[in-house]
């Protein structure tokens, strides 16, 4: 009796541990989605308010709640069972090196590996669980299970994230170059059209405060004109950069800046940003940024290949006090503030004009993870639905439930109470298997993995049938209940071990020789068969032994 109690408490402890290990998975797929929907509804309600002060206060509170949610989700994901791309769908992207990048072929593999580390960091911040990143020559193949916001994923992964700090040209210098470009195109157009009133560069450029602006409809024309000017020698030490698209009173515009061609500091020289985070602007120096998100950043104090970023930034800001410095990300001017004083700690701020916070948070992610060594462009991006389709998966689940119910009914009708015990053993088999996959291995479950589980259930039924038939035979030969159970388990044990070991050897061969989904099938099948031996042989035997000790059983219903 003591041995039975010991086994009982062991199985009880294992069962509690298995149930406990599945709580993170339950939270990930049931509790957290409800919390996310609630947060999004709250945000939509906040943005519908007409009180700007109230929006600012409530957004601050919402942002903290959302940060707590993201942290909880990241922590929960690390301890959960995950669903593969073929079950829950997601995104499939192919990134390739830009044709304009000139790099020796022997340096391409190292550059791709470096870029993959950067991309992996960004995907981790995106909250994607178990992504697949695979190098294929000068391409990177990415699979993102469960991603819903495709646009955000593309934007976050596809950014090169080259951050530059460039000085603006003096006003007199800017005016001189604008006049030269204007005269160049007037002369060029006049020579071609023989018209006295040929439009020049100034036709497309207007004033926007202290800066120049170009209507969005003329953006392509002006960009083409500036590319043509680059070959004339008018621009030598300087280069024009556009700002992001902005909404003005007369329509959408882009500001135009004349900056020094060589940056003062750039991520192209090595690691530049140490920390970056998004927050709502609370200052009074920039009224246009009120109630919008900004990105605070801190430069790295560790010297890169060329200089110490913090020291270089301090020297540069001290030299150019009173002048404007542009913050340029991927050739787009994010802001161009006036340097008020020396900045010794390497801190700065980027305005985004973002009222939702998504753009600012994504910008902080790409800055913190660094720029790509070899800029990659998104060659293809497609939304992948579950391999079987939602309707097919629903039908598959229904078929599985119907099959399981039929097996349970057969076992109970044919083997009576012993059949109930066999069903209990199969349920415990699945519980322990899910507990190990989710709580211990934190594995990703794919369709081949589900197939391995289905085969495990079949083997579990087979093992229980073998035991019960052997016990029936022993009872027919006139053996006592105790002797029939002992002999039945003893004789069936060898057969069960033979069947399971041969199948496990096949699964091991699949794992060694296969890859990806094949290994998933082999893993779930191997674990299921090992657990099957424990539940079908030892768990059910423990129940029989306990019943024989506690109750005066005269007839075994089997």
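The values are calculated or read from the model by the stated rules, or taken from the named source; none is laboratory data. Computed from a prediction, not measured in an experiment: that's the story for all the values here. Backbone-built Cβ (ideal geometry, glycine too); neighbour counts: all protein chains shown.
Scanning the stretch 259-284 for residues that are under 26 Å from residue 59 (Cα atoms) and either out of contact with any helix residue (DSSP H, G or I) (no Cβ under 9 Å at 6 or more places or on another chain) or not assigned by TED's automatic domain parsing to the domain that holds residue 320 (or both) yields a count of 1. Within the stretch 18-31, the only residue that satisfies the criterion of being closer than 14 Å to residue 146 by Cα and touching a helix residue (DSSP H, G or I) at 6+ places or on another chain (Cβ under 7 Å) is 28. Counting the residues of the stretch 414-443 that are in contact with a strand residue (DSSP E or B) (Cβ under 8 Å, 6 or more places away or on another chain) and either under 11 Å from residue 558 (Cβ atoms) or surrounded by 22 or more Cβ atoms within 10 Å (Cβ to Cβ) (or both) gives 1.
Taken residue by residue, the stretch 39-51 has at least one member that is modelled with pLDDT under 85, part of a helix (DSSP H, G or I) and farther than 28 Å from residue 144 by Cβ. Here 91, 167 are screened, and the one residue that is under 16 Å from the mean Cα position of the chain (by Cα) and either within 21 Å of residue 362 (Cβ to Cβ) or not in a loop (DSSP other than H, G, I, E, B) (or both) is 91.
Only a single item in (1) within 26 Å of residue 382 (Cβ to Cβ); (2) in contact (Cβ under 8 Å) with a residue 24 or more places away in the chain; (3) loosely packed, with under 15 Cβ neighbours inside 10 Å is not met by residue 74, and it is number (1). Only one of the listed residues (556, 529) is outside the structural domain of residue 479 (by TED's automatic domain parsing), touching a residue at least 40 places away in the same chain (Cβ under 8 Å) and crowded, with 18+ Cβ neighbours inside 10 Å. That residue is 556.
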